[in-house]
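Below is one structure, written out as structure tokens; the observations come after it.
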Amino acid sequence: MTTPEKLTLGSLYFEEPLTLFDREEPFYNLLNDLQTKGWSIQDDFFSTRFTKVLRDEAHGLPVEEMQRAGVGRQQDHQVLLEARRDYIRWIDPESAIRHDFLNAMELLRVALNRHLFIGLFDYEAHFARYEKGAFYEKHIDAFKGESNRILSTVLYLNDDWQEGDGGELVIYDEHNPEIELGRFFPKNGRMAFFLSECFYHEVKVAKRTRHSIAGWFRVNNTTGQNLDPDQ
Ligand code: OGA
Ligand code: MN
């Protein structure tokens, strides 16, 4: 069997195949963290080259082609500017690099299911762009039993993020959401993972444009009546 770190994806954009990971056993620490504490911060999760291409893709998206993010899903989708102020663009595999990103997350989905037995069904993700002054107040990505979002992921794509640039991700304690577990700068190549139903989190005011890809692994809650996921 091919191990994930050896897998290369054949984007037509590249003269040579793009290696996804620079290290051996790229999921080892992540799987361990998720199993023991339910969240994880992984620096340089993908290879330098793959991160660079994703970074260029995110920075090249014109803001006019993005939509103001809302809070809630489907019918109750509202644009609540007090709570959230980013621009998003859902990822369809229309470009080679987006296709590669979704393929990479598919490798991770299979590894998560194999090691943690959590039955993840698919993955949805969007580019997110916080302009200067934007933030996302403390929230949870899924309410128990009301959503199919199981594991949240955020990949940061910002060069030279400095102490004073703000925009930190704050993760709160699962049992006492008043307690901060940690604050993390959205530095290039860093990826955050946390169980969607368990961890309140927040994005502090960004003092400069902040780029990321946020995504969610989901389970299939389809019943006879409702298609869920609906896409
Ligand atoms: C989100 C979110 C965190 C971040 O998009 O739901 O919480 O650090 N993002 O961008
Ligand atoms: Mn969130």
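When SER196 is tested against the conditions (1) of a type in the set (S, T, N, Q); (2) away from ligand 1 (no atom under 14 Å from the Cβ); (3) without any contact (Cβ under 8 Å) to a residue 60 or more places away in the chain, the lone failure is (2). In this structure, SER11 does not qualify as within 15 Å of ASN103 (Cα to Cα) and either among the charged types (D, E, K, R) or modelled with pLDDT of 95 or more (or both). Every test in (1) small (Gly, Ala, Ser); (2) more than 12 Å from ligand 2 (Cβ to nearest atom); (3) at pLDDT 95 or above; (4) touching a strand residue (DSSP E or B) at 6+ places or on another chain (Cβ under 6 Å) is passed by ALA134 save one, and that test is (3). There is at least one residue in segment 170-178 that is β-branched (Val, Ile, Thr), more than 9 Å from ligand 1 (Cβ to nearest atom), touching a residue at least 40 places away in the same chain (Cβ under 8 Å) and in contact with a His (Cβ under 9 Å, 6 or more places away or on another chain). The numbered conditions (1) of a type in the set (Asp, Glu); (2) surrounded by 13 or more Cβ atoms within 10 Å (Cβ to Cβ); (3) not in a strand (DSSP E or B) are all true for GLU124 except (3). Considering only residues of segment 145-181 that are among the small types (Gly, Ala, Ser) and at positive phi, which is nearest to ligand 2 (Cβ to nearest atom)? Among those that are among the small types (Gly, Ala, Ser) and at positive phi, it is GLY167. Note on segment 173-212: among residues that are in contact with a Gly (Cβ under 6 Å, 6 or more places away or on another chain) and part of a loop (DSSP other than H, G, I, E, B), the one that is surrounded by the most Cβ atoms within 10 Å (Cβ to Cβ) is PRO186. For segment 117-131, the set of residues classified as away from ligand 2 (no atom under 12 Å from the Cβ) and not basic (Lys, Arg) consists of PHE117, ILE118, GLY119, LEU120, PHE121, ASP122, TYR123, GLU124, ALA125, PHE127, TYR130, GLU131, listed by residue number. Number of residues in segment 136-159 that are assigned to a strand (DSSP E or B) and more than 9 Å from ligand 1 (Cβ to nearest atom): the value is 7. Among the residues that make up segment 48-67, is at least one of them in a loop (DSSP other than H, G, I, E, B), farther than 30 Å from LYS132 by Cβ and modelled with pLDDT of 75 or more? Checked against the condition, which is being in a loop (DSSP other than H, G, I, E, B), farther than 30 Å from LYS132 by Cβ and modelled with pLDDT of 75 or more, segment 48-67 yields no hits at all.
Looking only at residues of segment 113-135 that are in contact with a Phe, Trp or Tyr (Cβ under 7 Å, 6 or more places away or on another chain) and more than 13 Å from ligand 1 (Cβ to nearest atom), we find that the one that is farthest from PHE45 (Cα to Cα) is LEU120.
The values are calculated or read from the model by the stated rules, or taken from the named source; none is laboratory data. As the structure is a computational prediction, the values presented were derived from the model and not from experiment. Positions of Cβ are generated from backbone atoms using ideal geometry, with glycine treated the same way; all protein chains shown enter the neighbour counts.
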